[in-house]
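One structure below.
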Amino acid sequence: MAKEEKQNIISNFLSGWQKLFGGAKEHTTPKVKPFPKNHFYSPEELEYLSQNKEGSLIDQWAVSIGKWAFEQGKDKSSPTKFAAVKWQNGLMATWIDGKLTPDTKDRQIGRLLLLKERGYELPERYENMAQDYEAQSLVGKYFVSNNDKSIIKIDSYDRGRLIFDAPSLVLKKWEDGSLSSNEEKVAYADFHKSLNEKYTIMEEERQKEFQEKLANFEDGKELYKGMHNLLRQTYPPTIGGSIPMELRTAHPVDFFDGKVIPVSWSLTSEKDIKVSVYTNHSNALSSITINEDNAYKAKSLLNSIAHAINNEKVNGLTRSLVNVLGNKLGEDKIFAKENNTPLLEAREGTVNAVTATNDGRVIAFNLNTHKEIPLHGKESVELMQALLFEGLDEQSRLRKELSIPKMKDYVESMEDEEDILSGNKELLPHGSKVDSLYGTYYSAEEEYSSYAQGTLPLAAEDKAELIADLQSSFMNFKQELQNMVEAYKDHDGVIDTNKVSKLEKLDRILNIEARGQTPVKPVPVATKRESPKESLQDAEAASKQNDLKEVKNINAEEVDQKAIKSFFGNVNYAPKKVKEESSRQVAPHRLTEKEKDDAISRIDKRIAELHRLGKEQSLKSNIETQPTPTVVGTSHQERLLMAHRALPLLMAKIIKNFHLSIYFLGI
């Protein structure tokens, strides 16, 4: 019943909105009737009205609803055979077994529109209610122009946010057979005026056919965008090339009747894809230019090109990594791990070395047997993944090694030569592992302090987890800092420019600079108590797996689905850069002397406690540690900086807890 009423509402609206809400009238305008007043209908009155056929429209509705409600109820003992009904504030309601049952929204709107059609004056709130409901019912519907040259879809309805905003519709419009749409916003009233004059609702069968064309068009656009995304990931950059013989198969296209065989492709200055092809109509080469709007006409052809680009991408990355990581062998480069450790277990043998030849080829072979190992299927991608692991390892090692000379400023800032923590942490080499670990510790310290200073108690398990995070992050940072300080003292201070160049090349290959972020590998908190050394080793191993998680999911044989995604774009390095962002975004707050002293005292106590816990953990793990002072010799300036940074978070916590206290006190 509700569905039929809703369809009738829409049908009435589409066939003649002007009859209901203004516009041209077929005859002279009848006298407007006042909106029906609220009224309660008892069962006895409804029985009387049922015998009197001259009741008003509201009376007729009440009789019909009262009889229906009685039939739905369990009590059939009433002699009147009617349930009570009320008409109140534009809504009809009845009682079924003592439970109030109002009209549905569909029925209410239907009654209001019918009253309007019968000459009753609707109050403004009911007109707005009906208008909003009608507008929402149009969203998602398609209309065709009377000259059949354009199609529109009602994309959304905006009733307006301010009192003077006129309700409007957002339309998608397709013109002259194009599948590319334009979006426009029109006033709701203007659309109603043009509905009968310019547009009619699209038939269901035609709408289904049009939606299928749109879906095919959008698939082509996504494939085209994915092609460009794939091209941006090639290294060295690829802007064209020939199609391998195994991919030169016939593809149907909708540019003309027949099929084409691709030979080569290239990017035009407008970033379109130009493909040289043979057709089944001619032995001469022709060309097809594919852009975002016509890509749906050549999806199969684009998939074939995507395969070719993906092959070039895998080959290019593998060749580039070998050139950087490997050693010179004549005019070629060769890479092999120590002790001939396997890189890949291929179908036809173990690969433990890769050669990048001077003419651009990549050859996998076994050093022990001196035989080339042919690669099949996904094996070329898996070999590239193995080399990416090696690249990440070397990148991490070089970054750490090249950071050692940069420890000079920090070491010179140490107030106590025997206390590695007494230096200015702001002078740690930016982007280094020790810098990242300090950021992780600082973040854990802020989080713990914000809860510790709060008025609401923490659950025991939550507090234990915060302390574990704080302790683990501190021990990891301290261990790495100790390693770096000791390494600096043993270093000659000379920076190897060859290693700097090698790191820069690895950064480019691994696409770090292109993403504008430094790969900071997060150190997870250990689930059991471990020595700092073991925690760091496990964290680095887990981080490496995370870095290449996206790469491992690439299937070279499913390019049309996955090759258009980035090998690196979604890798979550999660750089925190806590110190840099805090100093850049948090405005300095002028502390009172008491606030300074309190903040410094809190930080000193926290670090002293961490020292004590770290010492206990080290003893349990049989790790030798130097005696630590009760209070770390952190510089006064640095502790003030930490206090400055902690204050905004603490203030937010205080305000939050203040509001919670008011709530619980019932103020």
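The values are calculated or read from the model by the stated rules, or taken from the named source; none is laboratory data. Worth saying up front: this structure is predicted, and the values here are computed from it rather than measured. Every residue, glycine as well, gets a Cβ built from its backbone with ideal geometry; the counts of neighbours run over all protein chains shown.
Tabulated data
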item: Residues located in segment 125-154, provided they are in a strand (DSSP E or B), touching a residue at least 24 places away in the same chain (Cβ under 8 Å) and within 15 Å of Ala187 (Cβ to Cβ); result: Ile152
item: Matching residues in segment 336-364 - criterion: being crowded, with 20+ Cβ neighbours inside 10 Å and over 19 Å from Ser320 (Cβ atoms); result: Ala346, Asn352
item: Hits in segment 448-471 (condition: farther than 26 Å from Leu437 by Cβ, part of a loop (DSSP other than H, G, I, E, B) and either at pLDDT 75 or above or not assigned by TED's automatic domain parsing to the domain that holds Leu437 (or both)); result: Ala459
item: Residue match in segment 380-389 (condition: farther than 22 Å from Thr238 by Cβ, hydrophobic (A, V, I, L, M, F, W, C), surrounded by 13 or more Cβ atoms within 10 Å (Cβ to Cβ) and in contact with a Lys or Arg (Cβ under 8 Å, 6 or more places away or on another chain)); result: yes
item: So Leu285, is it assigned to a helix (DSSP H, G or I) and out of contact with any Cys (no Cβ under 7 Å at 6 or more places or on another chain); result: no
item: Odd one out for Asn424, checked against (1) buried (at least 19 other Cβ atoms within 10 Å of the Cβ); (2) assigned by TED's automatic domain parsing to the domain that holds Met484; result: (1)
item: Any chance Leu100 is part of a loop (DSSP other than H, G, I, E, B), in the same structural domain as Pro36 (by TED's automatic domain parsing) and of a type in the set (A, V, I, L, M, F, W, C); result: no
item: Residue within segment 172-186 that is crowded, with 18+ Cβ neighbours inside 10 Å, not basic (Lys, Arg) and not assigned by TED's automatic domain parsing to the domain that holds Lys33 present; result: yes
item: Checking Trp87 against (1) at pLDDT below 90; (2) among the hydrophobic types (A, V, I, L, M, F, W, C); (3) in contact with a His (Cβ under 6 Å, 6 or more places away or on another chain), the condition it does not meet; result: (1)
item: Residue in segment 303-320 that is free of Cβ contacts under 8 Å to residues at least 60 places away in the same chain and surrounded by fewer than 16 Cβ atoms within 10 Å (Cβ to Cβ) present; result: no
item: Test: residue in segment 3-22 that is outside any helix (DSSP H, G or I), in the same structural domain as Asp106 (by TED's automatic domain parsing) and either modelled with pLDDT under 90 or more than 22 Å from Lys198 (Cα to Cα) (or both); result: yes
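For every residue, the table says whether it meets (1) within 19 Å of Asn146 (Cα to Cα); (2) not polar (S, T, N, Q).
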| residue | (1), (2) |
| --- | --- |
| Glu183 | no, yes |
| Asn196 | yes, no |
| Tyr199 | yes, yes |
| Asn216 | no, no |
| Gly220 | no, yes |
